[in-house]
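The values are calculated or read from the model by the stated rules, or taken from the named source; none is laboratory data. What you see is a predicted model; the values in this text were computed from it and never measured. No Cβ is skipped: glycine too gets one built from the backbone with ideal geometry, and neighbour counts run over all protein chains shown.
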Amino acid sequence: MGRTAFEKIAAIAHEEAGLSIAPGKAAMVRTRLARRLRALRLSSFDDYCALVSGNDGGEERREMISALTTNVTHFFREDHHFERLKAEVLPTLFKKLSTGGRVRIWSAGCSTGQEPYSIAMTILDSAAYSSSMDIRILATDIDPKVISQGRAGCYNENTLSGLPDNLRGKYFDHTKGDRGSTWTASSEVRNLVSFRELNLLHNWPMQGKFNVIFCRNVVIYFDAATQSRLWKRFSTALDPAGWLFLGHSERVSDDCGALFTNQGLTAYRSSSTRASA
């Protein structure tokens, strides 16, 4: 892959999904996209660039972004966020729910579903939870393949990392087959979560505000300008005093600091103190 092809691919990835790919990542790009060239029976990266930059290249641009992004996740990843959700966030939200209110939580960049299902299990395992409560989790990702996997809720032993044994037995159905064991999230868990394909750089069709947004280990792929735009959009999407949880190496940029109040390690709240409706 020559320099011109790399720069073209990097530019498309930035325009399409906000990805910031440094020149030092050229070897990674070559390795990951070589599979796409083989699948498409293309002989060169120049041919590939012609395809993804053309009017008929929309579907392959999605495949390219999928290949270039890393879907590393596991259940209860960065578990201090779930401890905080359980101990501090949910009690307040359950009070709202008990009086007929609604609660909406967004897992942005949900990958194969371990994060939103971890949120769901935290809710279901709370003594105050009732099935009559109006509480929903929206799980979105740019990659339609991981959305499909998440919606199915099926995991093998290798993808169950972080899931405590008691929750595995309580909220997953176990089956054995020729290819090993499969653990499928119960309908009780899956019914709390709706999976949707969504590019964070494009329009957000959701109506209403979110009480909690998890967007962890996603914005590290974006440049500073793109991150700044997202902080502002997240602030607008949050309910007053709503919570925003980020990944371990992510921070709200200083230029957007007035929009949020830092609540400790990678946890923020909307700076608005207006009572929510």
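What are the pairs with Cβ atoms under 6 angstrom where one residue, in the stretch 103-117, is in contact (Cβ under 8 Å) with a residue 24 or more places away in the chain and the other, located anywhere, is of a type in the set (Ser, Thr, Tyr) and crowded, with 24+ Cβ neighbours inside 10 Å? Sequence gap at least six, or different chains.
Matching pairs, first to second residue: 115/107; 116/107.
If you check 226, 236, 261, which single one turns out to be over 25 Å from residue 88 (Cα atoms), assigned by TED's automatic domain parsing to the domain that holds residue 132 and not in a loop (DSSP other than H, G, I, E, B)?
Matching residue, one of 226, 236, 261: 226.
Mind checking which residues of the stretch 34-63 are touching a residue at least 12 places away in the same chain (Cβ under 8 Å), within 11 Å of residue 8 (Cβ to Cβ) and not acidic (Asp, Glu)?
Scanning the stretch 34-63 gives 45, 48, 49, 52, 53.
Given the criterion under 23 Å from residue 140 (Cα atoms) and either outside the structural domain of residue 193 (by TED's automatic domain parsing) or not aliphatic (A, V, I, L, M) (or both), identify the matching residue among 111, 44.
111
Could you tell me whether residue 233 is among the basic types (Lys, Arg) and under 17 Å from residue 201 (Cα atoms)?
It is true that residue 233 is among the basic types (Lys, Arg) and under 17 Å from residue 201 (Cα atoms).
Let me confirm something: among 252, 218, which residue is assigned by TED's automatic domain parsing to the domain that holds residue 158 and in contact with a helix residue (DSSP H, G or I) (Cβ under 7 Å, 6 or more places away or on another chain)?
Of 252, 218, the one residue that is assigned by TED's automatic domain parsing to the domain that holds residue 158 and in contact with a helix residue (DSSP H, G or I) (Cβ under 7 Å, 6 or more places away or on another chain) is 252.
Which condition number in (1) in contact with a helix residue (DSSP H, G or I) (Cβ under 8 Å, 6 or more places away or on another chain); (2) surrounded by fewer than 16 Cβ atoms within 10 Å (Cβ to Cβ) is the one that residue 13 fails?
Evaluating residue 13 over (1) in contact with a helix residue (DSSP H, G or I) (Cβ under 8 Å, 6 or more places away or on another chain); (2) surrounded by fewer than 16 Cβ atoms within 10 Å (Cβ to Cβ) leaves (2) as the failure.
Filter the stretch 117-162 for residues that are among the polar types (S, T, N, Q) and outside any helix (DSSP H, G or I); which is nearest to residue 219 (Cα to Cα)?
Checked the stretch 117-162; the qualifying residue nearest to residue 219 (Cα to Cα) is 140.
Just for the stretch 55-74: of the residues that are assigned to a helix (DSSP H, G or I) and not acidic (Asp, Glu), which one is surrounded by the most Cβ atoms within 10 Å (Cβ to Cβ)?
In this case the residue turns out to be 64.
Among the residues of the stretch 75-97, is there at least one that is part of a strand (DSSP E or B), at pLDDT 95 or above, surrounded by fewer than 21 Cβ atoms within 10 Å (Cβ to Cβ) and of a type in the set (D, E, K, R)?
No, the stretch 75-97 has no match at all.
Let's see how each residue does on (1) in contact (Cβ under 8 Å) with a residue 24 or more places away in the chain; (2) polar (S, T, N, Q):
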{"position": "179", "(1), (2)": "no, no"}
{"position": "182", "(1), (2)": "yes, yes"}
{"position": "189", "(1), (2)": "yes, no"}
{"position": "193", "(1), (2)": "yes, no"}
{"position": "202", "(1), (2)": "no, no"}
{"position": "206", "(1), (2)": "yes, no"}
{"position": "212", "(1), (2)": "yes, no"}
{"position": "215", "(1), (2)": "yes, no"}
{"position": "225", "(1), (2)": "no, no"}
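Taking the stretch 246-262 on its own, how many of its residues are under 20 Å from residue 83 (Cβ atoms), touching a residue at least 24 places away in the same chain (Cβ under 8 Å) and surrounded by fewer than 15 Cβ atoms within 10 Å (Cβ to Cβ)?
Residues flagged as under 20 Å from residue 83 (Cβ atoms), touching a residue at least 24 places away in the same chain (Cβ under 8 Å) and surrounded by fewer than 15 Cβ atoms within 10 Å (Cβ to Cβ) within the stretch 246-262 amount to 2.
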